[in-house]
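Visitor: What follows is a single structure, and I will ask about it in a moment.
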Amino acid sequence: MSGLKRIESHTVVLAASNVDTDQIIPARFLTTTERTGLGRRLFADWRYGADGAPNADFVLNRPEAAGAQVLVAGRNFGCGSSREHAAWALKDYGFRAVISTEIADIFRSNALKNGLLPITVSEATGGWLVAHPGAAVEIDLERLTLTLPTGPVAFELEPFARHCLLEGTDELGYLLGKMPDIERFEAARSG
Amino acid sequence: MAPRTLFEKVWAAHEVVPETRDTPAVLYIDLHLVHEVTSPQAFSVLRSLGLKVHRPERTLATMDHSTPTRTDQVLGRVPIALDAAARQVKQLEHNARDFGIELFAMRDERRGIVHVISPELGATQPGMTVVCGDSHTSTHGAFGALAFGIGTTEVGHVFATQCLLQRKPRTFAVNVNGTLPPGVTAKDLILGIIGRIGVGGGTGHVLEYRGSTIRALSMEERMTVCNMSIEAGARAGMIAPDATTFAYLEARPRAPQGSAWSAALARWRTLGSDPGARFDESVDLDAATLEPMITYGTNPGMVMPIGAAIPRAGDAAREKALDYMGFRGGESLLGKPINVVFIGSCTNGRIEDLKAAARILKGRAVAPGVQLLIVPGSQAVKRAAEAEGLDEIFKSAGADWRESGCSMCLGMNGDTVPSGHYAVSTSNRNFEGRQGVGARTLLASPLTAAASAVRGRITDPRELM
């Protein structure tokens, strides 16, 4: 994974609250044993009709959504199932960040491990973003700022996850480095 | 030492390295449960890095999500109908063999839904940390374990190191007191709790269910409650272990035996939250005011007493949900025709759930045109039900009695609800399309599900009790 420092993109807005991971990637597509190729299944039941043709009303199918790397979502985005396939599908489709006033715990964790930046913002900022679909935004991960056309706002990110994203390193390497501590812990418990 | 909560005690006992401002805690995992859908990519990472599973003896694998429930496919008389599912099953067999992990494969009599089999084996124990690549891992919190769902990358972390990097969640006391009225079950209780705190109400928190109502619940009922903690957005749900817990565990095959049992009991008795322990949040519920609950929308927070009127849509999300369900605000659900009833899942697929359904179904028949699918949570539950003759009650009523698995809860194994059809389901999620493309799910208790199957309409189970 290469380092992630800055994202500049227009947004696409999916304003519904409580969008669950079954909507992001329906369970029938979880029979894959790979991480890749799920982008075409992203929001499958909203994006396509029963005949498989794109649903012209769905926001991702509109011409102005093309190329957007930032998804603005309603409250409690990513709730439900722990399927990491949801983060894989969003990333594979081309999204690099999800912005919401509230992001579900497991989805947030999965997103961070796949270079998909989950950003939680205030009601005011979230409201502005929802009211201005397609807005040009800039995300600076080093300075932890989200710059809207109206000016910058700060956001918070767990420091270790931020470090891993900036450096393009993964957590497994760090954990493997803790093996001596882990083995000491195991020995102390069984002793 | 300051008074501590159950969660804080379990957390502290598993901190290999405590968290700092810059780094999360390294948290030790006692039990890692594995299934065929969220593990393949994690095994691939081990292979690509040349890593082993650090503690295979703390790892237990089964097949449940994509597996068929039809007997001929389970027994291998005919091939698994879904090719992709057959591949996942094969791959897990292969991975378990290569990495030395115990696997309950298709024809193993110990196989079943991951959250049903671990407790029934006695593998889930108080004070443990338990994880699985499945959000309903919260079920195991019923034993006073800290149990939560993880993604596939984290499955790989636990394989390689038996640890996870975690920030300490906040605590949330859910105090429930009073006696549940007749016909009101643990499922109705947890649906009532979710209705109260909302589907995001528990985000960032570990719930602890407390109070006289919780103390009076059986272990299976406690599992139903903890199972749906994730539907309130919570990281986990826990219940302090007590005499009920110990009686359930004693003499189960993987519970401590002999002198180890006495030592474990002494340790487990110290786990409950200390008097005066502080929680970051709390909510109080009176169990006596609860009624049988049913969902009317497309998330488990859109729930109401079965006789109530559907709240009028106040926002776009609610309007969209009612439109999907084909309901209008202000109307009652009682008497609405249904097409399918599903009794099963990690929420309500245990023997007490099947007994509850049998109480309603005994001597009665499923209404014409309605499909009743009853899927035991494990092969052990299936055998127990058959030993009591419950399968005969179900089959005489016209129900379809299957082998264990997740089945119609998530519609990725061949068991689905047709588009537009209404399903009263004892499972945990009524999300759009969860049980099949266009399926309309109403979550309820096994009593309500069975009563609705008999009438062919949404029915208050108290009318048939």
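Visitor: Quick check: is even one residue across region A:99-106 crowded, with 18+ Cβ neighbours inside 10 Å, charged (D, E, K, R), facing chain B (nearest Cβ under 10 Å) and not in a helix (DSSP H, G or I)?
Guide: So far as region A:99-106 goes, yes, one or more of its residues are crowded, with 18+ Cβ neighbours inside 10 Å, charged (D, E, K, R), facing chain B (nearest Cβ under 10 Å) and not in a helix (DSSP H, G or I).
Visitor: Can you pull out every residue in region B:312-335 that is in a loop (DSSP other than H, G, I, E, B) and within 27 Å of the chain's Cα centre (by Cα)?
Guide: Let us first name the residues in region B:312-335 that are in a loop (DSSP other than H, G, I, E, B), namely B:312-315, B:326-331, B:333-335.
Within region B:312-335, B:Leu333, B:Leu334 qualify.
Visitor: Looking only at region B:153-194, count how many residues are surrounded by fewer than 20 Cβ atoms within 10 Å (Cβ to Cβ), in contact with a helix residue (DSSP H, G or I) (Cβ under 6 Å, 6 or more places away or on another chain) and in a strand (DSSP E or B).
Guide: Qualifying residue count, region B:153-194: 1.
Visitor: Among (1) under 21 Å from B:Asn348 (Cβ atoms); (2) assigned to a strand (DSSP E or B); (3) charged (D, E, K, R), there is one condition B:Asp284 misses while meeting the rest; what is its number?
Guide: (1)
Visitor: Let me ask another. Restricting to region B:199-249, and then to whatever is part of a helix (DSSP H, G or I), away from every other protein chain (no Cβ under 14 Å) and charged (D, E, K, R), can you tell me which residue is surrounded by the most Cβ atoms within 10 Å (Cβ to Cβ)?
Guide: B:Arg222
Visitor: Could you please let me know if B:Ala13 is at pLDDT 95 or above, surrounded by fewer than 18 Cβ atoms within 10 Å (Cβ to Cβ) and not assigned by TED's automatic domain parsing to the domain that holds B:Gly272? Before the answer, list the steps.
Guide: Working: at pLDDT 95 or above: yes; surrounded by fewer than 18 Cβ atoms within 10 Å (Cβ to Cβ): yes; not assigned by TED's automatic domain parsing to the domain that holds B:Gly272: yes.
Here the answer is yes, as B:Ala13 does meet what is asked.
Visitor: What number of residues in region A:115-131 are touching a residue at least 40 places away in the same chain (Cβ under 8 Å) and either on the phi > 0 side of the Ramachandran plot or surrounded by fewer than 18 Cβ atoms within 10 Å (Cβ to Cβ) (or both)?
Guide: Result for region A:115-131: 1.
Visitor: Also, I was wondering about something else. Among the listed residues A:Leu4, A:Leu90, A:Leu71, A:Leu60, identify the single one that is of a type in the set (A, V, I, L, M, F, W, C), closer than 29 Å to A:Gly173 by Cβ and surrounded by fewer than 24 Cβ atoms within 10 Å (Cβ to Cβ).
Guide: A:Leu4
Visitor: While we're looking at this one, here's another question. Find all pairs meeting these conditions: Cβ atoms under 6 angstrom apart; at least six residues apart or on different chains; first residue within region B:71-96 and in a loop (DSSP other than H, G, I, E, B); second residue crowded, with 21+ Cβ neighbours inside 10 Å and not charged (D, E, K, R).
Guide: B:Ile80/B:Pro68; B:Ile80/B:Gln73
Visitor: Counting just the residues of region A:23-42 that are more than 8 Å from chain B (Cβ to nearest Cβ) and part of a helix (DSSP H, G or I), which one comes out surrounded by the fewest Cβ atoms within 10 Å (Cβ to Cβ)?
Guide: A:Arg40
Visitor: Under 6 Å between Cβ atoms, at least 6 apart or on separate chains: pull out the pairs that start in region B:208-233 with a residue that is among the small types (Gly, Ala, Ser) and end on any residue that is in a helix (DSSP H, G or I).
Guide: Here the result reads B:Ser229/B:Ser138; B:Ala232/B:Ile194; B:Ala232/B:Ile197, each pair linking region B:208-233 to a residue that is in a helix (DSSP H, G or I).
Visitor: Within region B:139-188, can you find the residues that are facing chain A (nearest Cβ under 7 Å) and under 18 Å from the mean Cα position of the chain (by Cα)?
Guide: Result: B:Gly149, B:Ile150, B:Gly151.
Visitor: Right, here's the next one. Please go through (1) touching a strand residue (DSSP E or B) at 6+ places or on another chain (Cβ under 9 Å); (2) buried (at least 22 other Cβ atoms within 10 Å of the Cβ); (3) assigned to a loop (DSSP other than H, G, I, E, B) for B:Val37 and return the number of the only condition it doesn't satisfy.
Guide: The single condition B:Val37 does not satisfy is (1).
The values are calculated or read from the model by the stated rules, or taken from the named source; none is laboratory data. Quick caveat, the model's predicted, so the values are computed rather than measured. Glycine also receives a Cβ, built like all others from the backbone with ideal geometry; neighbour counts cover every protein chain displayed.
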